[in-house]
Amino acid sequence: MVETREFFDAFPANQHKDDQGTAPPRATDPGWAHGIMVNGGRQKIKCKYCHKVILGGGISRLKQHLAGERGNVAPCEEVPEDVKVQIQQHLGFKVLEKLKRQRGLKSSKNSLVPYYQDREGGADDVQRSPKAASARGISRKRRGKEIDEGTSYKKKRHKKQLFPTATPVAQASIHNSFASQESMDQADMAVARFMYEAGVPFSAANSYYFQQMADAIAAVGPGYKMPSYHSLRGKLLNRSVQDVGGLCEELRRSWEVTGCSVMVDRCTDRTGHTVLNFYVYCPKGTVFLRSAYASEIANSTEALLSLFVSVVQEVGPKNIVNFVTDTTPTYKAAGKLLMDRYKTFFWSACGAHCIDLMLEEIGKRDEVKELLAKAKRITQFIYNNTWVLNLMRKRTGGRDIVQLAITRFASNFLTLQSIASFKGALHQMFTSASWMQSTFSKQRAGVEVAEIVVDPTFWSMCDLALKFSKPLLAVLHLIDCEERPSVGYIYDAMEKAKKSIILAFDDKESDYSPYLKIIDCIWKEEFHSPLHAAAYYLNPSIFYNPSFSTNKVIQKGLLDCIESLEPNLSTQVMITSHINYYEEAAGDFSRPVALRGRESLAPATWWSLYAADYPDLQRLAVRILSQTCSVIRCETSWSMSERVHSKQRNRLEHQRLNDLIFVHYNLRLQENGKCWFGVDSKSLEILVEVVNERVEGMVQEKGSRTDVVPLG
């Protein structure tokens, strides 16, 4: 029987026995630096951190204790994180050292060939035969015996992660302990050469999965063989589709309770090709559904309607509350026809697109158009000349004046706002001795830009533009914020924006009227939806505010939502009769915790907690307040889109590319934090569990009561 400690005794010691002689003579194992022998025996060791006395197993069991491995000994709760990770890495590297000693490095690699051959199965090798599975099992058992023959300890460890992944907190200490600077430089160059040769965009290094990939490879250690071309396009892709599909199914189960918003993102490249990406939003996360090539149907309302109907059927008409597109005439017409066809959900225009449309129309006014042109000349001149850019950054403390937003015209006005905030710095820059002595100050473009910056009229026009653009940009920021669904706040935000513009112009109607006319026209004709009015009314943080006021538009919007989202007439009557309890803050609505939660909780969460006595009204409010009013933007991979929508393809390749796009977009959503249980979603999940417990208690108390609807 091979003793377990033989796996670790050959590892070079990086710590020696302490001055008190707590380690045995000639001890080289680094574990002895963290334990004390009791009564001079190797089989009875006391942990230095939690003072637990470990009986039997020797230094190996102490290291399991420090590494947090369960099974033979309880994990140490007091061990410092850097020590824990070093011991974890040490345990992993010792298995590799054992393999090297038994076979030599070359033979060790050769012994893994059957495993790697299994990884490199063909694209069509999705389901393995029983013989192949059996062979893999025998191969793994044989390797397990070679590593640790007959030890139950090793079998238990095999079920856990054999090579634990280093945590980011302790990454530096791991590198210092196990890797030299030269080896890290070589690893960096290996990654760089791969990216340069394969033409991988530099932005790939920003991927959340980039470092995860490196950590996983480092955990396996030397000898790891990357997956082959066939594995990547075959079984690994199929496995990724299954993993992502499982997450999608988890979200799909919540659609019945909270409802969902279908979002249509229209993307057009420089050649005029149009691809529609369909996403489904709910409070728990956003999922990419599928994409469709729309260049040939973009101008056909009937063709778009047919495509939208197929998406609705895939999601489920009863699950949909809001169907969101941009305001392009054919898409708007198709959306309204879709709404009239089903009559159980609403079509609405993308909020971000409508705000951008307002800014675009305002930007066409002569005085604003001239102002934006001057701002553009300033930014182009500065960013096209490195010396001038560095001079500007010295004056602004390293900050840039160009600011990007989720839409084109929002970016223009956000940059204008940034320029105005750096008025003093830019003025000093273009009047400084450094500028005057430079060659740029003699150039025609430099002279023109300097004249703009020192012109008081330019700055007064900037101030005017900020009066109408800042409130609209604030609305856009609200729409783009993903902490909570935006539909409950958009109506109130637009009303406040219009009031802010009036106040900014000192109530002078002749000054603000041209801008408000544009805003009101787009708001009424393109943006406003009954869903926005009903969500405004049902949002407790707004409704119970003393400044709240209702009107016919809001009342009509609420009634429209009741009739559309709850087709059953008796249910409609029940909802309208219970709405008074909400208006008067009666019952659970008046609880002290409910009063406090009006501002702190997401509106849908608030209704989930405090409207259990009115299940029909609760369901309606949760479904309305759980929606978004804007289309998310996920960067389109045109190379994949062109390939999947190309006419020159076979059916198998078409399905593979569809799978690739499905995995690509959903992983991007997850990476960007727009998917799968963000912070607010987690709190909602916890609160829903509380509600369900309350509902179960009510059902037990009232016996056969069936009108209480648990939340998903």
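The values are calculated or read from the model by the stated rules, or taken from the named source; none is laboratory data. Please read all numbers here as calculations on a predicted model, not as lab measurements. As a convention, Cβ positions derive from the backbone with ideal geometry for all residues, glycine included, and neighbour counts pool all protein chains shown. In case anyone asks, the SASA skips ligands and DNA or RNA and just uses the protein heavy atoms, side chains included. Shrake-Rupley method; radii C 1.70, N 1.55, O 1.52, S 1.80 Å.
Worth a mention:
- In this rough spin-label picture, where each label sits 7 Å from Cα along the Cβ direction, the Glu448-Lys423 distance is 2.4 nm.
- Calculated accessible area for region 548-617 comes out at 50 Å² per residue, all protein chains present (probe 1.4 Å; ligands, DNA, RNA ignored).
- Take Met339: with every protein chain present and a 1.4 Å probe, its accessible area is about 50 Å².
- If the chain linking Asp243 and Tyr49 were pulled fully straight, counting 0.36 nm for each residue of separation and taking away their Cα-Cα distance, it would gain 65.8 nm.
- Mean Cβ count within 10 Å, highest first, over the residues of peptides 348-356, 519-527, 550-558: 348-356, 519-527, 550-558
- Heavy-atom accessible surface of region 295-433, averaged per residue, reaches 45 Å², computed with a 1.4 Å probe.
- Accessible area ranking (1.4 Å probe, heavy atoms, ligands and nucleic acids excluded), largest first, for Phe308, Phe194: Phe194, Phe308.
- Inter-label distance, Phe548 to Ser310: 4.4 nm, where each label sits 7 Å from its Cα along the C-beta direction.
- Pairwise label distance in nanometres, Tyr383 with Arg341, each label 7 Å out on the Cα-Cβ vector: 4.2
- The stretch between Glu250 and Lys369 holds 38.0 nm of extra length on full extension. This uses 0.36 nm per residue minus the Cα-Cα distance.
- Applying 1/(1 + (r/R0)^6) with R0 = 56 Å to the Cβ-Cβ distance of Met213 and Arg408 gives a FRET efficiency near 0.95.
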